[in-house]
């Protein structure tokens, strides 16, 4: 098995296809296999790298809680890229992986051709922090108490996963079965160290406003916790676009794989053509008067 080595932690990865590279970063409830619909599509034209985060076998499950953090999760993306000899790539992340992709754009901008931030928002607002931290602890405790197989039955039936279940019962069943195979210890440590402790997106506002990496924000319109953060990111990141997928929950890439693939492919094409420009309007400009006479200059 191929592994990247991150300060004594072995990270399993898979490398498929050829061309300009894409690195896919999975969510808390997923793993490298969650990107299979994307690999089958994008590997026709791109080199696709998937990997398992620390805590997700066959990657190592370090037992030290200090081995899990948002910074470490971000550094692990760079470690995998270095292991396969990549200096720059499109970075695509969902949920926990979306946060890693966003932080990658902040900390490793020179290595990011673009970032796709899908389904990122849980616990992102300051007024949600207390509930999110409490929920994270409760979920981690439950993983340790009943194990991954029993947890999968409950977690896969969360309110923002039911859209997937209704649309694609077979796909949802496979998602649940793979979730049941995860390490309970790794999941608990990830929840406490990475999820619970990551900063609010609003705390990153200054850095996001200065980030020049082309960014696509993707949210399902029924994934309530992600909608306000998505709008905030769109308004803050200079080269951000926001795509809201209708009647869709949290697991966007599996729930609507064809839409996700074609939408992200179009984003890549725009970036590679140099056409994914910064926004061309000033916040607060008059919707009615900004194009009239002197108002254009004063408000542009």
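Listing for the model above:
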{"read-out": "Highest-first arrangement of 203-215, 126-138, where packing means the average Cβ count within 10 Å", "value": "203-215, 126-138"}
{"read-out": "15 Å tail of the calculated P(r), region 1-91, as % of Cα pairs", "value": "55"}
{"read-out": "Helix-only CD estimate at 222 nm, as mean residue ellipticity for the chain, using -39500 (n - 2.57) per DSSP H run (n ≥ 4)", "value": "-13000 deg cm²/dmol"}
{"read-out": "Segment residue 275-residue 288, length gained on full extension (0.36 nm per residue, minus Cα span)", "value": "2.0 nm"}
{"read-out": "Along each principal axis, Cα extent of region 176-300, largest first, Å", "value": "63, 33, 28"}
{"read-out": "Separation of alpha-carbon centers, region 166-230 and region 46-77, rounded to whole Å", "value": "15"}
{"read-out": "Cα principal axis extents for region 37-181, largest first, Å", "value": "41, 36, 32"}
{"read-out": "On Cα atoms only, tilt of 96-107 relative to the major axis of the chain in degrees", "value": "50"}
{"read-out": "Value of D in µm² per second that Stokes-Einstein yields for region 182-229, Kirkwood Rh from Cα pairs, at 20 °C (1.002 mPa s)", "value": "159"}
{"read-out": "Computed FRET value (nearest 0.05) for residue 154 with residue 33, which takes r as the C-beta separation and R₀ as 22 Å", "value": "0.60"}
{"read-out": "Gain in span if fully extended, residue 266 to residue 200, counting 0.36 nm per residue against the direct Cα distance", "value": "20.8 nm"}
{"read-out": "Semi-axes of the equivalent ellipsoid for region 102-235, Cα gyration tensor, largest first, Å", "value": "28, 18, 15"}
{"read-out": "Cα-Cα separations in region 41-93 greater than 12 Å, expressed as whole percent", "value": "70"}
{"read-out": "Sorted by Cβ density within 10 Å, fewest first, the residues 275, 239", "value": "275, 239"}
{"read-out": "Label corresponding to Cα extents along the principal axes in Å when calculated from the structure given, among (1) 63, 48, 43; (2) 73, 43, 34; (3) 67, 42, 38", "value": "(3)"}
{"read-out": "Nearest-ten-degree value, helix 257-272 long axis tilted from longest Cα axis of the chain", "value": "50"}
{"read-out": "On Cα atoms only, tilt of 70-83 relative to the major axis of the chain in degrees", "value": "90"}
{"read-out": "At 1.306 mPa s and 10 °C, Stokes diffusion of region 226-272 via Kirkwood alpha-carbon radius, µm² per second", "value": "134"}
{"read-out": "Residues 102, 63, 259, 233, sorted so that the one with the fewest Cβ neighbours within 10 Å comes first", "value": "63, 259, 233, 102"}
{"read-out": "Spin-label model distance (nm) - residue 129 vs residue 16, 7 Å beyond Cα toward Cβ", "value": "3.9"}
{"read-out": "Share of pairwise Cα separations in region 65-112, more than 15 Å, in percent", "value": "38"}
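Every number in this text was worked out from the coordinates using simple rules, so none of it is lab data. Since the model is a prediction, treat every value here as computed from it, not as a measurement. No Cβ is skipped: glycine too gets one built from the backbone with ideal geometry, and neighbour counts run over all protein chains shown.
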